[in-house]
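K.L.:
Quick one: the structure is below, and I'll ask about it shortly.
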Amino acid sequence: LILNTKNLLHIEDGAFRNLPRLKYLSICNTGIRQFPDLTQIFSLEAHFILELCDNLRMTTIPQNAFQGMNNESLTLKLYKNGFEDIHSHAFNGTKLNQLILKDNKNLRWIHNDALRGATGPDVLDISSTALESLPTYGLEAIQVLNATSSYSLKRLPPLDKFSSLLEAVLTYPSHCCAFRNLRTEKQNSLLSIFDNFSKECESTMRKPTNEILYRDDSYNTSLWSTEKNTYPFATDEETSPYSYSDIFDDSEMTGFDFEYDFCQPKILTCTPEPDAFNPCEDILGYSFLRVLIWFINILAIAGNFTVLLVLITSHYKLTVPRFLMCNLSFADFCMGLYLLLIASVDAQTSGQYYNHAIDWQTGSGCSTAGFFTVFASELSVYTLTVITIERWHTITYAMQLDRKLRLRHAVPIMLGGWVFSVLIAVLPLLGVSSYMKVSICLPMDIETGLSQAYILLILVLNVVAFIVICACYIKIYIAVQNPELVAANKDTKVAKRMAILIFTDFTCMAPISFFAISAAFKVPLITVTNSKILLVLFYPVNSCANPFLYAIFTKAFRRDFFLLMSKLGCCKSQAELYRMNYFSAYTSNCKNGSSATGPSKASQALLLLSALEK
């Protein structure tokens, strides 16, 4: 034992030479800077233990560092040192039983060939290290892997490298998904045999004590049979001429506990197990969602980008409805970007998400996606509410032009919406809830009271917004239903358009809000896996429908679109037709206005509801 000798800075080569009876060597809490020469010990003991600990100035393990120590079983306890890297062939020439590298806080790199030339190890402990990857060579013999608190180890080597693994204690639950139902190589080779024996095993274990299992030498109809008063095939090999070893070699029996043992072969165990928020599946889970999400995000991006392009490049005056539509289209465009980001990452990690989960959920990608979706969702709901209130206000006060909403009023209103949406989207980045909880990057963390209040606030505000939208459209419908305001043949068309608008809002908000509120109170009614269906089929409904319902399906937008295309040399005849219709309608309105004291309420309502009627 060489312990607590801080002034010991160097051990000369050959200091440990020809020590055949040495079983245990401990060098701990010294000032040694260079790895000592241990290659001339030549111990003849069946099992040798080397302990190096608390040598904080020792930074590397060189090549062939342990060669010549012992030709039999070797346990290396190399913990709490200053190791930063382990070189190629560092463990060459050894038969490793256990390799303990835990608590080497600065250990970031193990050469891919560090275990080349070594047999084993059976046990590898790299807990509380800074390792970012494991070598791909030399892992085949590992039966127990301990990698707790190894937060930098975000990816595992190919699973076929762990051909003998029986127990894994890891840092991240997603890594256990890789080992789920993974059997060792020896188990796989013997499973067919065990499958054939399983029924006989179970029936034998249930037999009365006077019925025992014996080996049937005929091997024709059944490998096993039971007879009374025959030699017992039991655990007492002294009284039985037959034993398990008659059937299997010792090497084939490794990895199985025998009490009625081969009836129950060991299956790999892994902790921590995946939780409800991160089940063992890809980001989108269902295969059909992978197809739908691409269709939906392309529709949302293309539709909203087209609306933005047409409205921004239009030579007509920027009115309040146009301004609000620009904001709505931008919000829904951001939602399309979120869906595109989720779809892209899912396509890249399909089948191996367990190896990318940590990088994705803790990285900037998931935070960006989460910010996009919360910002887009809240700005879209806010803008939809403002558009609806503006329509209701304009119709209600159609005869009072001095109360008409102007652009100077709309700008600060929308500025407040932008500030609110950005603030709500930033809070999870500041620790109020989190985007890292689930693979789809929604703020589903409700562990703290503040996080729970945050989720409830968003949901309640969305429900209130939906109620306001419904109330305003009902009032608009009651107003335009008056035969003094709108002709009867317009009534049904207006009602249908309003019903579509309210239905799309309800389809988007209702299922999300219902299940989210129940989850916020810690009474989840739906799993994360099933919630992904809501994410793809219901959550982006508004983002896809809004550009069509509020812009693309209206005559005003089509006019602006064809005028823009005519500037590019396309659709000139359609543009000219819309231009003529516009000036004709403008001239007619001027004549009607000059022969009356003011615009009628009916004409105001028809003009203001053009987006609903066309």
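K.L.:
Quick one: which of LYS317/LYS555; LYS317/LYS404; LYS161/LYS532; LYS23/LYS154 span more than 26 angstrom between C-alpha atoms?
P.N.:
The answer is LYS161/LYS532; LYS23/LYS154.
K.L.:
May I ask you to compute the full-extension gain from ILE312 to LYS6, defined as 0.36 nm times their residue separation minus their alpha-carbon distance, rounded to one decimal in nm?
P.N.:
102.8 nm
K.L.:
Taking the mean number of other Cβ atoms within 10 Å as a proxy for protection, how do you rank 34-40, 366-372 from highest to lowest?
P.N.:
The densest-packed peptide leads the list: 366-372, 34-40.
K.L.:
Can you list which of the chymotrypsin sites (Phe, Trp or Tyr not before Pro) found in segment 288-342 are DSSP loop residues with at most 15 other C-beta atoms within 10 Å?
P.N.:
Passing sites in segment 288-342 are TYR316.
K.L.:
Additional query: Hand me the trypsin sites (Lys or Arg not before Pro) from segment 1-86 located in a DSSP loop with no more than 15 other Cβ atoms within 10 Å, in residue order please.
P.N.:
Passing sites in segment 1-86 are LYS6, ARG17, ARG21, LYS23, ARG33, ARG57.
K.L.:
Can you classify segment 1-138 as rounded, prolate or oblate using the Cα gyration tensor, where a ≥ b ≥ c are the square roots of its eigenvalues, rounded means a/c under 1.5, and otherwise it's prolate if a/b beats b/c and oblate if not?
P.N.:
Verdict is oblate for segment 1-138.
K.L.:
Can I ask one more? Which sequence of ARG180, ARG322 reflects their accessible areas, 1.4 Å probe, from the largest down?
P.N.:
ARG180, ARG322
K.L.:
Can I ask one more? Counting only residues 5 or more places away or on other chains, whose amide H sits under 5 Å from the amide H of LEU115 once H atoms are built in the peptide plane?
P.N.:
When sequence neighbours closer than 5 places are left aside, the close amide H contacts are HIS89.
K.L.:
Now for a different question. Check ILE2: other-chain or 5+ apart residues with amide H under 5 Å from its amide H, H built from backbone geometry?
P.N.:
SER26, ILE27, CYS28
K.L.:
Using modelled amide H (1.01 Å from N, peptide plane; none on Pro or chain starts), what sits under 5 Å from the amide H of ASN146, excluding residues fewer than 5 places away?
P.N.:
For ASN146, whose amide H was placed from the backbone, the distant partners under 5 Å are LEU124, ASP125, ILE126, VAL169.
K.L.:
Kindly sort VAL320, VAL169 by accessible area of their heavy atoms, largest first, with the probe set to 1.4 Å.
P.N.:
Ranking VAL320, VAL169 by accessible area, largest first, yields VAL169, VAL320.
The values are calculated or read from the model by the stated rules, or taken from the named source; none is laboratory data. Just so it is clear, the model here is predicted, and its values are computed rather than measured. All Cβ positions, glycine included, derive from the backbone under ideal geometry; neighbour counts span all protein chains shown. The protein model used for the area step is the full one, side chains on, heavy atoms only, and it has no ligands, DNA or RNA in it. Shrake-Rupley method; radii C 1.70, N 1.55, O 1.52, S 1.80 Å.
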